[in-house]
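First the structure, in the form of structure tokens, and then the observations on it.
The values are calculated or read from the model by the stated rules, or taken from the named source; none is laboratory data. Bear in mind the structure is a predicted one, so any value in this text is a computation, not a measurement. For the accessible areas, the whole protein counts, side chains as well, though only heavy atoms, and no ligand, DNA or RNA atoms are used. Shrake-Rupley method; radii C 1.70, N 1.55, O 1.52, S 1.80 Å.
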Amino acid sequence: MKLFADTGNLKEIEALAAIGILDGITTNPSLLAKESGDYRQILKRICETVKGPVSAEVVATDTAGMLREGRDLASIDEHIVVKVPFTKDGVKACKTLAAEGKRVNVTLIFSPTQAWIAAKVGAAYVSP
């Protein structure tokens, strides 16, 4: 079993990492907005601390926007996992990003069928 903390707070992340129980992080735009500083720099510091999967979520709601944002987020660090919502556009974006070799976390999963669809288009992770 792996432990992923849902936070954007570097102090919390450092404390969990220090005791050796942290496998990864999931974030979202509202969590990162609570922190001071540039979200890209915060994500980079989180990746350097965790050295494991760090989910960073897009805010766009259309496929083209999700692809643009997802590619940008993935360029921050090799540990970034692009997080997209389980919507028609999110599923399309997941398929394209996964085909490009980017790891994707599909969020807003409410059923096993949704998780199966996300996996079918290449999601590395799903977030219920």
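Remarks
- Taking the empirical scaling 2.2 N^0.38 Å for compact globular proteins as reference, the range 1-99 has a Cα radius of gyration ratio of 1.06.
- Computed from phi, the 3J(HN,Hα) profile of the range 78-83 under the Karplus parametrisation 6.51, -1.76, 1.60 (θ = phi - 60°) reads 5, 8, 5, 10, 6, 9 Hz, with x in place of Gly and Pro.
- In the chain, the calculated helix contribution to ellipticity at 222 nm averages -13500 deg cm²/dmol per residue, counting -39,500 (n - 2.57) for every DSSP H run with n ≥ 4.
- In the chain, the portion of solvent-accessible area held by carbon and sulfur atoms comes to 55 percent [1.4 Å probe, whole percent, DNA, RNA and ligands not counted].
- Distance from the range 23-101 to the range 5-21 (C-alpha centre basis), Å: 18 Å
- Accessible area of Glu12 in the full protein assembly, 1.4 Å probe (Å², nearest 10): 100 Å²
- Cα-based Lys pair tally, the range 1-116, threshold under 20 Å, eight or more apart or on separate chains: 16
- Interchain or long-range residues, amide H under 5 Å from Ser55's placed H: Ile25, Thr26, Thr27, Val81
- The relative contact order of the chain comes to 17 percent, based on Cα pairs under 8 Å that sit 6 or more residues apart.
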